[in-house]
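**Student:** Below you'll find the structure I mean.
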Amino acid sequence: MKTFVYSIHGFDKPFIEKEAKGKQELFYTEQHLNSETAHLAKGCEAVALFTSDNASCEVLEKLYANGVRFIALRSVGHEHVDIPKANELGMKVANVPTYSPYAIAEYAVAMILILNRKFLKGQELNRKNNFLLDTLVGFDLYGKTIGIVGTGKIGTAFAKILYGFGCKLIGYDIKENGQLIHDTHIQYVPLNELCEKSDIVSINCPLTIETKYMFNKSIFSKMKKGSILINTARGGIVNTIDLLEALDNGTIAAAGLDVYEYEKPIFFCDHEGNTINDELFQNLRSRSNVLLTGHQAFLTAEALEGIASTTIANLNEWEKLGSCSNELK
Ligand code: NAD
């Protein structure tokens, strides 16, 4: 099956090429999918998309008109695809439901340690030959309360690491994970209570209509004064303006953000030499208590192998059977 791969990067192409060899015929572009680039897929039955692509209603109609019938997502998240519209058009969409959750969970833990132990400030002083420790006091994670919002695959991997650190775990999810309760003694509580009690809150749920701006002015006002917020899930779950206010008033002492509400035109591109005209982004980036990274939590060799192998397996299944086990409805 001929597949047009949008938003290919130097980091994922070798994994995809290796996996597709002798199985699938792929054509690549570094360009993102949008209404101007949808025509590039003409002649291909399938497209393979990344999180930076836009498969809105209008774009799907263009893909369909160009003969595309299958959409293989190289991600867990699928909020960038209008799935009801794809289904209405008779196009099949599949994601990669699982690939190394450890990649993201370990990254979230790294963010906590960098912020809590003041690595950023310490390095800044170190480069100035200043080895005074007065501004670098952190706190032990042992015995602290960690709130986990979304205890699916990534939330579970994250919980188990912090259980090993000797933390007390509390969780909020629309469904409880019985095995995780057994393994880590996590206690499920309402979101407000989780925010009131947690020293650190980690967001690990998907972006949906229900979770859009779940972290807003009202929920920030419930958070423990001086807590740390980690978001490796999706930028739209946090209202950035409200977060900046919570950082200003000291409710949030530090934030680790691998995702950002308006990341699409910024992340996964080289803007060296150009100004990024986004005041909120610049404001976040200017703060020594904010660690803002470019959606890289997934970026391990194991995760990239997993993404490539499931993406190609999804295309193989469609080609051989016409349906695939990871289809989204
Ligand atoms: P998952 O489906 O295994 O777990 C998600 C959990 O969130 C589930 O337990 C689900 O019940 C829960 N949930 C759903 N709606 C909720 C709500 N309204 N309130 C509370 N909990 C809710 O998914 P996962 O593999 O653990 O991934 C979680 C998210 O992480 C993905 O949706 C994706 O957006 C993000 N992610 C980010 C990166 C990155 O590189 N930064 C990489 C992979 C995934």
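**Student:** The conditions are (1) in contact (Cβ under 8 Å) with a residue 60 or more places away in the chain; (2) part of a loop (DSSP other than H, G, I, E, B), and Lys18 fails exactly one of them. Which is it?
**Tutor:** The one condition Lys18 does not meet is (2).
**Student:** Which members of segment 21-31 meet the condition of being in a loop (DSSP other than H, G, I, E, B) and surrounded by fewer than 20 Cβ atoms within 10 Å (Cβ to Cβ)?
**Tutor:** The answer is Lys21, Gly22, Lys23, Thr29, Glu30, Gln31.
**Student:** Sticking with this one: Restricting the search to segment 145-175, which residues are closer than 19 Å to Asn192 by Cβ, in a loop (DSSP other than H, G, I, E, B) and not acidic (Asp, Glu)? Even if it seems obvious, please write down each step before you answer.
**Tutor:** Within segment 145-175, the first condition is being closer than 19 Å to Asn192 by Cβ, and the residues that meet it are 145-151, 155, 168-175.
Filter once more, so that each one left must be in a loop (DSSP other than H, G, I, E, B): 150-151, 173-175.
Gly150, Thr151, Ile174, Lys175, listed by residue number.
**Student:** How do the pairs read when you match residues in segment 119-135 that are of a type in the set (Asp, Glu) with residues anywhere that are surrounded by 10 or more Cβ atoms within 10 Å (Cβ to Cβ), using Cβ under 9 Å and keeping only pairs 6 or more apart or on different chains?
**Tutor:** Between residues of segment 119-135 that are of a type in the set (Asp, Glu) and residues that are surrounded by 10 or more Cβ atoms within 10 Å (Cβ to Cβ), the close pairs are Glu124/Asn130; Glu124/Ser288.
**Student:** Need the failing condition index for Asn116 against (1) more than 16 Å from the ligand (Cβ to nearest atom); (2) without any contact (Cβ under 8 Å) to a residue 12 or more places away in the chain; (3) within 24 Å of Thr156 (Cα to Cα), just the number.
**Tutor:** The single condition Asn116 does not satisfy is (2).
**Student:** If Ala65 satisfies every condition in (1) hydrophobic (A, V, I, L, M, F, W, C); (2) within 18 Å of Ala46 (Cβ to Cβ); (3) touching a strand residue (DSSP E or B) at 6+ places or on another chain (Cβ under 8 Å) but one, which is the exception?
**Tutor:** In the conditions (1) hydrophobic (A, V, I, L, M, F, W, C); (2) within 18 Å of Ala46 (Cβ to Cβ); (3) touching a strand residue (DSSP E or B) at 6+ places or on another chain (Cβ under 8 Å), Ala65 misses (3) alone.
**Student:** Of the residues that sit in segment 131-146 and are of a type outside the set (Gly, Ala, Ser) and touching a Lys or Arg at 6+ places or on another chain (Cβ under 8 Å), which one is farthest from Ala108 (Cα to Cα)?
**Tutor:** Narrowing segment 131-146 to residues of a type outside the set (Gly, Ala, Ser): 131-137, 139-142, 144-146.
Narrowing the set further to residues that are touching a Lys or Arg at 6+ places or on another chain (Cβ under 8 Å) leaves 135-137, 144-146.
Numbers: Thr135: 23, Leu136: 21, Val137: 21, Lys144: 16, Thr145: 15, Ile146: 12 Å.
The extreme case among them is Thr135.
**Student:** Return yes or no: is Ala108 surrounded by 21 or more Cβ atoms within 10 Å (Cβ to Cβ), under 24 Å from the mean Cα position of the chain (by Cα) and under 23 Å from Leu26 (Cβ atoms)?
**Tutor:** no
**Student:** Which of the numbered conditions does Met223 fail, given that it passes all the others? Conditions: (1) in contact with a Cys (Cβ under 7 Å, 6 or more places away or on another chain); (2) under 26 Å from Ala103 (Cβ atoms); (3) hydrophobic (A, V, I, L, M, F, W, C).
**Tutor:** Single failed check for Met223: (2).
**Student:** Restrict the check to segment 62-79 and report whether at least one residue is within 16 Å of the ligand (Cβ to nearest atom) and of a type in the set (Lys, Arg).
**Tutor:** yes
**Student:** Between Leu125, Leu120, Leu141, which is at pLDDT below 95 and farther than 21 Å from Phe215 by Cβ? Explain how you work it out, then say what you get.
**Tutor:** Working: Leu125 fails: at pLDDT below 95; Leu141 fails: at pLDDT below 95.
Checking each option against the conditions leaves just Leu120.
**Student:** Related question: Filtering segment 135-175 down to residues that are aromatic (Phe, Trp, Tyr) and closer than 22 Å to Gly77 by Cβ, which residue is farthest from the ligand (Cβ to nearest atom)? Step through it out loud before you land on a result.
**Tutor:** Filtering segment 135-175 for residues aromatic (Phe, Trp, Tyr) gives 139, 142, 158, 163, 165, 172.
Going one step further and asking which of them are closer than 22 Å to Gly77 by Cβ, we end up with 158, 172.
On the way: Phe158: 9, Tyr172: 6 Å.
In this case the residue turns out to be Phe158.
**Student:** Among the residues of segment 21-55, which ones are more than 28 Å from the chain's Cα centre (by Cα) and farther than 18 Å from Met91 by Cβ?
**Tutor:** Scanning segment 21-55 gives Lys21, Gly22, Lys23, Glu25.
The values are calculated or read from the model by the stated rules, or taken from the named source; none is laboratory data. The model shown is predicted, which means the values in this text are computed figures rather than measured ones. Using ideal geometry, Cβ is built from the backbone for each residue, glycine included, and neighbour counts are taken over all protein chains shown.
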